[in-house]
Structures are given as C-alpha cells and as structure tokens.
Amino acid sequence: MNLFSATDHAKLCSLFGPEYAGYKPTVAEAPNGDGNVDHGKRYLHVALKYDPPEWARFYLARAHWEACRVAEAIGVPDAFYPRVENGTLRVLEYPPGAGSAEHEDFDLFTVHCYRSTPDDFVRTRAVDERADAIRHGVHIGQIGALVGLGKATPHAVVARDYAQQAIVYFAMPANGARLPSGVTVAEWLADRYARSRVYR
C-alpha cells in the first residue's frame, strides 16, 4: 500500500527548479560506482539539510515515521536507529526510455512510499524471509547489511516506453555511528558517494 499518492508526487515535483537546494540537475548517478550512469532519470531530495518548505517537511516526517515503524519491526540496533536529520525522501521521475541499472542502496533500508508502475521495480534477488510482511514495501541497503539486518537487496527499474514516477525514503543512522569495521557512517558514505556521483 502506498504511503503517498500520484497527487502527492505531483505536489513534491513543484520543488524541481533552481531555487530549491535539494534539486541538483548537474549531478547524475552511477549507482555501482562503475561509471555506468543512469541517464534520463530526474530526482530531488527532501532532507532537512536542504531546508525544504514546511509543507514538504510533512512528507519527510510521514516517511520517517514509517521508517521508525519498520525499524522496530525488524530490530534495528539502537546504535543505528534511523535519524530524521540524516534521512532523505527522494522524488523520482523516469521519462520514457529511462530506468536504473541493477544496484544496492547505501542506506539501512529503503521505504517505498509511492510508485506509479510497481511492476517495473524489480528485486533481482529474493528478499529473505525475516519480517517479510513488513518488508513488502521495504528493501535492505548496504549499511543495513553491515549492521545485521540481512543481505542488501539488488534491484533495478526497468526502462519502458512510458514515464514512471516514484517516491522512496532512505532510512539512515547518525553520521557518527561506527560500523563494525570501525569507520563512521559519514566516512563510509563519503567513499561511496565519491564513486557514484557524476558531475555533468
């Protein structure tokens, strides 16, 4: 069941524009850090660091509340509990012919808040059985795998000859939380972002 609707997506899309700091049209993504860029898709981020308008914070808060519900259900360790100041609501538009290569997200887990064509989002490996009912609209990210939530879920968005829209929430722990390797979340993310962001 979608947390948000097509109407909500359309409203959030009003933030696409140079006046909003969470929209960075000059940044493309190579989600696997291999130089293969997801061309065509457009996205913006509703996150506290971008000072979104008050009405958009409502959507961020609702998505974070859902992430907290999931965190309780799957037993996220206290040290890595999702923090709203680090969470990100991503608003996506895929024009005809655009998709996303198979990849794993960097976060604890991703909450699917809205998708116009759900069948075009493909999990390319089965989700494990733990808390399967909760995870129907959730998939585990790489940080989640590192802290014991299960395997990260490879997934892709299939390119079609029609447009697709989506809203997802990336649940993230505190930047200063230390992963089992000893590095902080912030340090780990800096390495991943350096490899996955392409400036055009």
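The values are calculated or read from the model by the stated rules, or taken from the named source; none is laboratory data. Note that the structure is predicted; figures quoted are calculated from it, not measured. Cβ atoms come from the backbone with ideal geometry, glycine included; neighbour counts cover every protein chain shown.
Some values worked out for this structure:
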{"item": "Number of the condition not met by Val185 [criteria: (1) of a type in the set (Val, Ile, Thr); (2) under 14 Å from Gly87 (Cα atoms); (3) within 13 Å of the chain's Cα centre (by Cα)]", "result": "(3)"}
{"item": "Tabulated pairs, the range 60-87, first closer than 16 Å to Phe4 by Cα, second among the basic types (Lys, Arg), C-beta under 9 angstrom, 6+ apart or interchain", "result": "His64/Arg83"}
{"item": "Long-range neighbours under 6 Å by Cβ, at least six apart or interchain, first residue touching a residue at least 12 places away in the same chain (Cβ under 8 Å) within the range 2-20, second polar (S, T, N, Q) and surrounded by 15 or more Cβ atoms within 10 Å (Cβ to Cβ)", "result": "His9/Gln165"}
{"item": "Only one of Leu3, Leu44, Leu12, Leu92 that is touching a Cys at 6+ places or on another chain (Cβ under 7 Å) and either of a type in the set (A, V, I, L, M, F, W, C) or closer than 19 Å to Val138 by Cα (or both)", "result": "Leu3"}
{"item": "Tyr81 under 25 Å from Glu19 (Cα atoms), among the hydroxyl-bearing types (Ser, Thr, Tyr) and surrounded by 15 or more Cβ atoms within 10 Å (Cβ to Cβ)", "result": "no"}
{"item": "The range 27-48: number of residues that are more than 14 Å from Leu92 (Cα to Cα) and among the charged types (D, E, K, R)", "result": "1"}
{"item": "The lone exception for Val37 - which of (1) under 23 Å from Asn175 (Cβ atoms); (2) touching a residue at least 24 places away in the same chain (Cβ under 8 Å) it fails", "result": "(1)"}
{"item": "Answer residue from the range 1-16, given it is of a type outside the set (Ser, Thr, Tyr) and part of a loop (DSSP other than H, G, I, E, B) and is farthest from Arg192 (Cα to Cα) among those", "result": "Met1"}
{"item": "Residue in the range 163-200 that is surrounded by the fewest Cβ atoms within 10 Å (Cβ to Cβ), counting only those that are in contact with a helix residue (DSSP H, G or I) (Cβ under 9 Å, 6 or more places away or on another chain) and within 17 Å of His39 (Cα to Cα)", "result": "Gln165"}
{"item": "Qualifying positions in the range 61-87 - farther than 18 Å from Glu187 by Cα and either among the polar types (S, T, N, Q) or within 17 Å of the chain's Cα centre (by Cα) (or both)", "result": "Ala61, Arg62, Ala63, His64, Trp65, Glu66, Ala67, Cys68, Arg69, Val70, Ala71, Val84"}
{"item": "Candidate set from the range 17-43 (those that are of a type in the set (Gly, Ala, Ser) and part of a loop (DSSP other than H, G, I, E, B)); member that is surrounded by the most Cβ atoms within 10 Å (Cβ to Cβ)", "result": "Gly22"}
{"item": "Residues that are modelled with pLDDT under 85 and under 20 Å from Asp78 (Cβ atoms), drawn from the range 118-152", "result": "Arg130, Ala131, Ile134"}
{"item": "Count of the range 148-162 residues which are crowded, with 17+ Cβ neighbours inside 10 Å, in a loop (DSSP other than H, G, I, E, B) and under 18 Å from the mean Cα position of the chain (by Cα)", "result": "4"}
{"item": "So Gly87, is it at positive phi, of a type outside the set (A, V, I, L, M), in contact with a helix residue (DSSP H, G or I) (Cβ under 6 Å, 6 or more places away or on another chain) and surrounded by 15 or more Cβ atoms within 10 Å (Cβ to Cβ)", "result": "no"}
{"item": "Within the range 91-104, tally of residues that are within 23 Å of Thr184 (Cβ to Cβ) and modelled with pLDDT of 95 or more", "result": "0"}
